[in-house]
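The values are calculated or read from the model by the stated rules, or taken from the named source; none is laboratory data. Just so it is clear, the structure is predicted and the values come from calculations on it, not from any experiment. No Cβ is skipped: glycine too gets one built from the backbone with ideal geometry, and neighbour counts run over all protein chains shown.
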């Protein structure tokens, strides 16, 4: 990390705070209110949550700004895992006795409907001296400071890496304290990064390709392969939802064909149109093509898309060329492009939802 650059921005941060003490006081009060709110949710209180309490817990998170309808996220969690599981895993993440890295990895493995941004935000509000908030802006800020090997995508942020990055935030916290911000914690660092490290040149690179971070895992192990597959599958669902489709994952669309993601639209009283996506991170390409071929037996399926890395896409195209029913209908999509599009759409939705044009319903 470039400490000279960091200290320069800390000096600017202090100057801005002195120039606008009202805003500084408001930010400090907001931090304290968020910490107090989430620390009040004890393990027992989390385990006793009903559906409305879960909404009350998740809805105020900054990471939820990408969703205009926050009830959608809550209902999806409960429908997918059951309220008991959601409560148990939240309580274990926040108050469990295992190490932070172990709690992080357990939660990521057992409750895939909550991503690192939401997880880290909750952890930071409850444990602001130990846990940092990880999101796109944190990536941009640390990248600007020269921190190397940052996780560009969710599947790259393991519990071990999250603890390491929290340590990097702690270094910034110590620099803030040394400069006179005596009450600084890792939530203060988050505010500092948002205020001072989102410079124009840095923001313009937020969605550009990062070769170091985007290297394709050529021989992923079982765990990393599953994480890549599941992240892409779930983000395809998000993209479809944001585009106005009814999007779902792990759906049977024809006999013998259960696909990763579908986008579905109803056209008046004429019927349904379905677009099918299959994500390939490991396994047989022939099996992938066979599954997509079976999906075409459903007359509502109007498009089939294979999602994989660049190397496998070339193999998929070559193999599908000999299957007449597929060659004219199959589309291919690089999974890294899917992740970039998701990131861009999430940013757009956050910006629009901050305007508060559409109030939340009951």
Across the stretch 234-253, what is the number of residues that are modelled with pLDDT of 90 or more and part of a loop (DSSP other than H, G, I, E, B)? 2
Can you confirm whether the stretch 17-31 contains a residue that is part of a loop (DSSP other than H, G, I, E, B), surrounded by 13 or more Cβ atoms within 10 Å (Cβ to Cβ) and touching a residue at least 12 places away in the same chain (Cβ under 8 Å)? no
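Residue by residue, here is whether (1) touching a helix residue (DSSP H, G or I) at 6+ places or on another chain (Cβ under 8 Å); (2) touching a residue at least 40 places away in the same chain (Cβ under 8 Å) holds:
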| position | (1), (2) |
| --- | --- |
| 3 | yes, yes |
| 54 | yes, no |
| 60 | yes, no |
| 68 | yes, yes |
| 77 | yes, no |
| 80 | no, no |
| 88 | yes, yes |
Test residue 207 against the stated conditions and say whether it is assigned by TED's automatic domain parsing to the domain that holds residue 332, out of contact with any strand residue (DSSP E or B) (no Cβ under 9 Å at 6 or more places or on another chain) and modelled with pLDDT under 85. no
Right, residue 327: surrounded by fewer than 20 Cβ atoms within 10 Å (Cβ to Cβ) and in contact with a helix residue (DSSP H, G or I) (Cβ under 9 Å, 6 or more places away or on another chain) or not? yes
Hey, can you tell me all the residues within the stretch 129-144 that are surrounded by fewer than 19 Cβ atoms within 10 Å (Cβ to Cβ) and either at pLDDT below 95 or assigned to a helix (DSSP H, G or I) (or both)? 136, 143
Considering only residues that are in contact (Cβ under 8 Å) with a residue 40 or more places away in the chain and either touching a strand residue (DSSP E or B) at 6+ places or on another chain (Cβ under 8 Å) or at positive phi (or both), which ones fall in the stretch 244-259? 253, 254
Selection within the stretch 254-273 - in a strand (DSSP E or B), out of contact with any helix residue (DSSP H, G or I) (no Cβ under 6 Å at 6 or more places or on another chain) and surrounded by fewer than 22 Cβ atoms within 10 Å (Cβ to Cβ): 258, 264, 265, 266, 267, 271, 272, 273
